[in-house]
Amino acid sequence: MPADLNWAIGGEAGDGIDSTGKIFAQALSRAGRHVFTSKDFASRIRGGYTAYKVRTSVDRVESVVDRLDILIALTERTIDENMNELHEGSVIIYDGERTTMQDVEVPEGMIGLDVPLKSLAEDAGGAIMRNIVALGAACEVTNFPIANLDESLEKRFKDKGQAIVENNKKAARLGQDYVQEEFDHDFDYDVETTDNDYVLLNGDEAIGMGAIAAGCRFYSGYPITPATDVMEYLTGRIDRYGGKVVQAEDELAAINMALGAARAGARAMTATSGPGIDLMTETFGLVATSETPLVICDVMRSGPSTGMPTKQEQGDLNQLLYGGHGEIPRFVVAPTNISECFWKTVEAFNLAEKYQTPVYLVADLSLAVTEQTFPPETFDMDEVEIERGKIVDENDIDAWQNEKGQFQPHFPTADGVSPRTLPGVEGGAHMTTGLEHDELGRRTEDTDVRIEQVDKRERKVDTARDEEDWSYREFGDPDSDTLVLSWGSNEGAMREALEFLEGEGTDVRFISVPYIFPRPDLSEEIEAADDVIVVECNATGQFADLIEHDSLTRVKRVNKYNGVRFKADELAEEIEDKLAEPTEVEAE
Amino acid sequence: MSSEIRFTDFKSDKQPTWCPGCGDFGTMNGMMKALANTGNSPDDTFVVAGIGCSGKIGTYMHSYALHGVHGRALPVGIGTKLANPNLEVMVAGGDGDGYSIGAGHFIHAVRRNVDMTYVVMDNRIYGLTKGQASPTSREEFETATTPEGPKQPPVNPLALALAAGGTFIAQSFSSDSQRHTEIVKQAIEHDGFGFVNVYSPCVTFNDVDTYDYFRDTIVDLSEADHDPTDYDDAKSAILDADKEYQGVIYQDEGSVPFDEREGLTDSMADIPEGAPEDAMDLVREFY
């Protein structure tokens, strides 16, 4: 029996798949097990196949795999959709009394448990609890103590009153008892518990929590999948710290409101996905030119245009790196896992304020909708440091006024970073503009001033390149001749793929890059390798292009753009295949 | 402090490049006087300017200011005010900025009713791009891009504001300095979104909506039988297409601004040097 268990519930959108899956994931987390969740869903409220998958182990899990051990199937299609992941010995829990499930044939070698989910739920107090009956049945199959599920049910339903909580607990027990009594089978699954404490959260929540920790007090946004969870997390919570979430009328307003708040001195942020980034791009140039600190989060999804809104892709890299007319100084930071979503958000706010430059904080759908367990100390709030850069108040403003007593918000300093006053500070009144401007922030077309200001803004990036940490994350065998590079959420799948590869006798050095611009210089690492493989979720290999550009070396590419994230076992195979290909001959 | 503030304190040392005789001179002077008369100082005032001739106002006034992208001045002003409600926020722009490219923001800013002031310099023409039709141009007004006129009725910004739930809707004429200043002052003092559409004639590209035209036709509501707190009076005046009115057309005296309803009173700029003291509670929520 493998150390990890792969469990899923699937059905129609509107069947309560997400909340049921979350309840089970939370029960496992509270039982001291590591959890990694993923969702298959369509962009609609009702109808269409949707599934919530949980991978769990006592060891850390970083990825999904192509194997499903226990499936709660609310529709026949759920079984079809997962046929290639089911295997001999997989358990399928279904309700044969449901009209759509009456003709279900459990595939050869698998164990079908026909449990009257709806009838049992009605016995417990209402048909709505049929998914909870199924969870009880799953507890029995996996030998998982139902008391852990109780805790999770209490957390989920306590706001609805103790009676509801008790009914749900009863529903779970009816499911458990039914399996125990009706199926005389010794299931091959045993979910062990530990005393460890874990928290369970997704990437959007980690970004939201990072924003509050970093002192973000103003968030304006327009709902868009898969970034909306950032906004929903902050709503209500940011208020406790004197902040506010504003739902704007569109993305144009969202970024401009955030810009206004940032001019007032608040740490401000907006989050969106690709289509929103397109709309925000004009103002992005203004943010950079007016030297306003702002964090703009892009939670990428499949594009272009409306694309596949609920599917994974890392296709926005070029847009984030080059988007906007003219030449726009910026930072592009891309966390590689869920806990890094928290820490890189904190870093993004510091970069924005220290260098008065916009920061693109880049996540992707896989990070956003995946929940993962972490020891709470992973998010040690005492480690959060807030660096606000060159903010000038009444006491030191004199040094930055010209001979006429005018404050100089774009003074061309040696490091490129100018002093900054916040509205309300006496003697600091100044304007700024998206027009090219002089050190006072006033429009100019003077050729010398133009060069001075362009250079000054670029100098900030140079300064940051020298003074900040742009290092990569490294895994696997540092001496291997095979180098795999990736960015964003692929890190988890690749880390697990390393184990598969090691098992096959293939050693790999894996470098996960969280900074797109500026980014670490990888030329030595690439020079040292025989094979360089760049892994990313897009069709054209945008990150691979950057690596080739930086190192003047051809790399091999593993690209996936069908809308589904990499799975660890699949990725290991892809790497093996690439290694089997001849390394490209130097161009004649 | 207010006694020391003069309206010239709001003037920058940059000379305006508006055409001699441009209505925007009078519009800006009235804004500066109204700001000074309401006890504001340049250091606690934030002006947001749009794009167009009107947008240059940020350069000619002295205060904290941002000159942004075309049509997006209102959301900037809203963000600034919510992040620091102690600031006096004034947004200024033209008819193209406010009623064409920024029309969506206009309606939502009116609805949101944040405590700020919006002054639109309405000259019924695009001046900076040298004379094309604007959303408030007359249906038959001939321009380079509309040789036979726009052939569509002009936007009625006052009606839009009323329909969107406006709590302060006014109109003034840049050349009537005293009344214009009074009206902007009332907009500043209003608890909520103070909206003033200012007739601000373009002497170069609009030979229809001229100083003479407005002088001859304008009706001052303060001298007419008009109660600005009466919604029906406001509706009649706003929908009366035959007259050009100046004065406060509508004011909801019970207006409670968005910022106040949301309990926002302090600057969001003040934050600790690390995470909030109880921030580990946020982590524990995920148990």
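Bear in mind these aren't lab numbers, they're just calculated from the coordinates by the rules spelled out. Remember, it's a predicted structure, so these values are computed and weren't measured experimentally. Neighbour counts run over all protein chains shown; Cβ positions are idealised from the backbone, glycine included.
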Original post:
Restricting region A:418-448 to residues that are touching a Leu at 6+ places or on another chain (Cβ under 7 Å) and assigned to a loop (DSSP other than H, G, I, E, B), which is farthest from B:Lys11 (Cα to Cα)?
Top reply: A:Gly434
**OP:** Considering only region B:76-87, state which residues are of a type outside the set (Gly, Ala, Ser) and either without any contact (Cβ under 8 Å) to a residue 24 or more places away in the chain or within 7 Å of chain A (Cβ to nearest Cβ) (or both).
**Re:** B:Val76, B:Ile78, B:Thr80, B:Leu82, B:Asn84, B:Asn86, B:Leu87
Original post:
Is it the case that some residue within region B:59-78 is of a type in the set (Lys, Arg) and closer than 23 Å to B:Cys22 by Cα?
Top reply: no
Original post:
Across region B:55-99, what is the number of residues that are within 17 Å of B:Ser267 (Cα to Cα) and part of a helix (DSSP H, G or I)?
Top reply: 8
Subject >> Restricting region B:246-271 to residues that are over 24 Å from the mean Cα position of the chain (by Cα) and more than 7 Å from chain A (Cβ to nearest Cβ), the residue that is surrounded by the fewest Cβ atoms within 10 Å (Cβ to Cβ) >> reply: B:Gly263
Subject >> Residue among B:Tyr199, B:Tyr231, B:Tyr287 that is of a type in the set (Ser, Thr, Tyr) and within 14 Å of chain A (Cβ to nearest Cβ) >> reply: B:Tyr287
**OP:** Can you tell me which residue among A:Glu426, A:Glu458 is acidic (Asp, Glu), more than 14 Å from chain B (Cβ to nearest Cβ) and within 25 Å of A:Ala264 (Cα to Cα)?
**Re:** A:Glu458
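Can you find a residue that is under 30 Å from B:Phe286 (Cα atoms), within 11 Å of chain B (Cβ to nearest Cβ) and either touching a Pro at 6+ places or on another chain (Cβ under 6 Å) or part of a strand (DSSP E or B) (or both) anywhere in region A:384-402?
yes
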**OP:** Could you please let me know if A:Glu474 is part of a strand (DSSP E or B), without any contact (Cβ under 8 Å) to a residue 60 or more places away in the chain and not hydrophobic (A, V, I, L, M, F, W, C)?
**Re:** yes
Original post:
Say we look at region A:231-252 and pick out the residues that are touching a Phe, Trp or Tyr at 6+ places or on another chain (Cβ under 8 Å) and assigned to a helix (DSSP H, G or I); which of these is farthest from the other protein chains (Cβ to nearest Cβ)?
Top reply: A:Met231
Original post:
Looking at region B:91-101, which of its residues are within 11 Å of chain A (Cβ to nearest Cβ) and surrounded by fewer than 24 Cβ atoms within 10 Å (Cβ to Cβ)?
Top reply: B:Ile101
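This table checks each residue for (1) surrounded by fewer than 24 Cβ atoms within 10 Å (Cβ to Cβ); (2) within 12 Å of chain A (Cβ to nearest Cβ).
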{"position": "B:Ser12", "(1), (2)": "yes, yes"}
{"position": "B:Asn29", "(1), (2)": "yes, no"}
{"position": "B:Ala36", "(1), (2)": "yes, no"}
{"position": "B:Leu66", "(1), (2)": "no, yes"}
{"position": "B:Leu74", "(1), (2)": "no, yes"}
{"position": "B:Val89", "(1), (2)": "no, yes"}
{"position": "B:Ala103", "(1), (2)": "yes, yes"}
{"position": "B:Val110", "(1), (2)": "no, yes"}
**OP:** Under 9 Å between Cβ atoms, at least 6 apart or on separate chains: pull out the pairs that start in region B:238-252 with a residue that is over 15 Å from B:Val155 (Cα atoms) and end on any residue that is loosely packed, with under 11 Cβ neighbours inside 10 Å.
**Re:** B:Gly247/B:Glu223
Subject >> Selection within region A:178-220 - of a type in the set (S, T, N, Q) and either more than 14 Å from every other protein chain (Cβ to nearest Cβ) or in contact with a Gly (Cβ under 8 Å, 6 or more places away or on another chain) (or both) >> reply: A:Gln180, A:Thr193, A:Thr194, A:Asn196, A:Ser220
**OP:** Of all residues in region A:271-318, count the ones that are outside any loop (DSSP other than H, G, I, E, B), out of contact with any helix residue (DSSP H, G or I) (no Cβ under 6 Å at 6 or more places or on another chain) and of a type in the set (Asp, Glu).
**Re:** 2
Original post:
Of all residues in region A:100-124, which are under 16 Å from A:Gly136 (Cβ atoms) and part of a helix (DSSP H, G or I)?
Top reply: A:Leu117, A:Lys118, A:Ser119, A:Leu120, A:Ala121, A:Glu122, A:Asp123, A:Ala124
**OP:** Could you tell me whether any residue of region A:490-509 is buried (at least 20 other Cβ atoms within 10 Å of the Cβ) and under 28 Å from A:Val461 (Cβ atoms)?
**Re:** yes
